[in-house]
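Participant: Below is the structure I would like to discuss, written out as structure tokens.
The values are calculated or read from the model by the stated rules, or taken from the named source; none is laboratory data. The model shown is predicted, which means the values in this text are computed figures rather than measured ones. A quick note on method: Cβ atoms are made from the backbone with ideal geometry, for glycine too, and the neighbour counts reach across all protein chains shown.
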Amino acid sequence: MGANFILQRRMDQLGLTQDELAAQCNKALLEITGRPGDMSSRTVRNLLNGTSRRPIGRTCAALERVFGCPVSDLGFSAPSSMQHPPEGPVRRREFIATTTGTAAAVPLIKQRRSVGMSDVSRVAAGMNALVAADDRRGGHKSLADAALAGRAQVLQLQQCNASDRVRRALYSLAAEFTTIAAWACIDLRDLDTAQRYLHESTTFAGLSQDPPTGMRVWINLAMLAYQRQSWTEQLAAAQAGAASTAARRDPFFSSMGRMRLALAHSTLGDPGAARRALGTAQDSLAKAAEDDRPRWTAFYGPAELNHLAAIIFNHNGESATAEAMAHRALARIPAEFQRNRALATCQLALAQLRQGEPEQATATASTVFAIMDGAPMPGRMRSLIGDFHRDLFRLAPSTTYARDWADRMREEWSRA
């Protein structure tokens, strides 16, 4: 008798431990017979080490329900009562459950397919593609629609047999897809819809028990409150993110949370607290080791930290420092992050304008359109450009460059 490597491989594909497989089988027997099963990790261990090559009927029934295939496909010799006719591989099978040596007929029951980590990886690849699309263009309606379609796919998979580990991973993906949809709505300035999606995402993140997923929700809640100008709500969400499990475990996430705190303090008119939180964020990021983190975190690093610092110093009225931070950010933001480069350029233009350099600021702001390369500007970026436009015409309303800027802006606005 040798080890059953086929069963072990199928367990690995579904992410099942011995205890989890026993629990899944007992659940299957409850569904099939109306009585709970009594399989244990020892039962599964005997199946794996080859001690049980011809399991009893109820064990076979449970295994077939969990894995969605005949026990012969799992490396076992089934009892004669469990043999499946070769001409009907897709027919619903009539299971025979045996208790205390007596056979009892079991009603025909529709089997549910099982899902594993390979399914999770496949769906995650689609999610990562959406994150990459957001990096390039920012939020747009088709991105939100695709994210909601991805969430629907994940929730459908939740109806299948799965281990606890797989279920948590699926809930994490549901939270991720919902957050992408919310983020697209934030970029589009559809803030009420974004609020609804983020509340749904909070539920999925809690069910996932995944700290980085929870961190993402807090960060996005803080961003939404910033867009709504709900300053105290922004501070509360930032504080929750900074105190989260992910932030306690990883300096990278700690830095991310502290940056949101710094932004919250700056919008509340507390530049001292903003500087302290910014300093802590810089120190934490310097301590963060290279690690395998979720794809959505790729935007954050020294470049994005400097971009957010430019926003903070613009809020604080320290325009020269804001300009320096914006230049540092633009020197390091990767080319594929079009939206972030354009947003940092907006901060640079605002800093230059507030230092009394309207012509230079206008030249800088004009490059935003080239950075976006013809793609429609997200609503959040249009709002920043609108701020710049109003300030420019307050400072230099009659200049040629201001009139040229207005013509260019109308042309770009018409593309949206």
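Participant: Which members of the stretch 263-285 meet the condition of being in a helix (DSSP H, G or I) and among the charged types (D, E, K, R)?
Facilitator: Arg275, Arg276, Asp283 - these are the residues of the stretch 263-285 that are in a helix (DSSP H, G or I) and among the charged types (D, E, K, R).
Participant: Within the stretch 253-307, count every residue that is touching a residue at least 40 places away in the same chain (Cβ under 8 Å), among the charged types (D, E, K, R) and farther than 20 Å from Gln347 by Cβ.
Facilitator: Total meeting the criteria: 3.
Participant: Let me ask you something else. Among Pro302, Pro294, which is the only one that is closer than 30 Å to Leu173 by Cβ and either modelled with pLDDT under 90 or charged (D, E, K, R) (or both)?
Facilitator: Pro294
Participant: So for the stretch 201-215 (the condition being closer than 18 Å to Tyr300 by Cβ and touching a residue at least 60 places away in the same chain (Cβ under 8 Å)), does at least one residue qualify?
Facilitator: Yes, because at least one residue in the stretch 201-215 is closer than 18 Å to Tyr300 by Cβ and touching a residue at least 60 places away in the same chain (Cβ under 8 Å).
Participant: Report whether or not Arg65 is of a type outside the set (Phe, Trp, Tyr), within 27 Å of Arg168 (Cα to Cα) and either surrounded by 16 or more Cβ atoms within 10 Å (Cβ to Cβ) or assigned by TED's automatic domain parsing to the domain that holds Val120 (or both).
Facilitator: yes
Participant: Turning to a different aspect of this structure: Can you tell me which residues in the stretch 311-336 are closer than 16 Å to Ala273 by Cα and of a type outside the set (S, T, N, Q)?
Facilitator: Ile311, Ile312, Phe313, His315, Gly317, Glu318, listed by residue number.
Participant: Quickly run through the stretch 378-416 and pick out the residues that are aromatic (Phe, Trp, Tyr) and free of Cβ contacts under 8 Å to residues at least 40 places away in the same chain.
Facilitator: Residues satisfying the conditions are Phe393, Trp413.
Participant: Restricting attention to the stretch 334-341, does a residue exist that is over 18 Å from Ile186 (Cβ atoms) and either part of a helix (DSSP H, G or I) or touching a Gly at 6+ places or on another chain (Cβ under 8 Å) (or both)?
Facilitator: Within the stretch 334-341 (the criterion being over 18 Å from Ile186 (Cβ atoms) and either part of a helix (DSSP H, G or I) or touching a Gly at 6+ places or on another chain (Cβ under 8 Å) (or both)), the answer is yes, since at least one residue qualifies.
Participant: Next question, about the same structure. When you scan the stretch 114-136, do you find a residue that is part of a loop (DSSP other than H, G, I, E, B), surrounded by fewer than 15 Cβ atoms within 10 Å (Cβ to Cβ) and either in contact with a strand residue (DSSP E or B) (Cβ under 9 Å, 6 or more places away or on another chain) or modelled with pLDDT of 75 or more (or both), even just one?
Facilitator: The answer is no; no qualifying residue exists.
Participant: Residue check: is Gln239 of a type in the set (S, T, N, Q) and at pLDDT 95 or above?
Facilitator: yes
Participant: Considering only helices (runs of 4 or more DSSP H) fully contained in the stretch 1-66, which possess at least 3 residues that are more than 35 Å from the chain's Cα centre (by Cα) and within 24 Å of Met117 (Cβ to Cβ)?
Facilitator: Filter on the stretch 1-66 gives 41-49.
Participant: What's the number of the only condition in (1) under 18 Å from the mean Cα position of the chain (by Cα); (2) buried (at least 18 other Cβ atoms within 10 Å of the Cβ) that Ser255 fails to meet?
Facilitator: Ser255 satisfies every listed condition except (1).
Participant: Kindly list the number of the only condition in (1) in contact with a helix residue (DSSP H, G or I) (Cβ under 8 Å, 6 or more places away or on another chain); (2) closer than 13 Å to Gln18 by Cβ; (3) surrounded by fewer than 22 Cβ atoms within 10 Å (Cβ to Cβ) that fails for Asn49.
Facilitator: (1)
Participant: How about the stretch 233-245: which of its residues are surrounded by fewer than 24 Cβ atoms within 10 Å (Cβ to Cβ) and more than 12 Å from Leu221 (Cα to Cα)?
Facilitator: Passing the criteria: Ala243, Ser244, Thr245.
Participant: Then there's this: Which numbered condition in (1) in contact with a helix residue (DSSP H, G or I) (Cβ under 9 Å, 6 or more places away or on another chain); (2) assigned to a helix (DSSP H, G or I) is the only one that Gly356 fails?
Facilitator: (2)
Participant: Please count how many residues of the stretch 331-379 are charged (D, E, K, R) and buried (at least 19 other Cβ atoms within 10 Å of the Cβ).
Facilitator: Total satisfying the criteria: 3.
Participant: Here is a follow-up. Restricting to the stretch 363-416, name every residue that is among the acidic types (Asp, Glu), within 38 Å of the chain's Cα centre (by Cα) and not in a loop (DSSP other than H, G, I, E, B).
Facilitator: Asp387, Asp391, Glu411, Glu412
Participant: Just give me the residues in the stretch 20-47 being within 19 Å of Arg167 (Cβ to Cβ) and free of Cβ contacts under 8 Å to residues at least 24 places away in the same chain, in sequence order.
Facilitator: Ala22, Ala23, Lys27, Leu30
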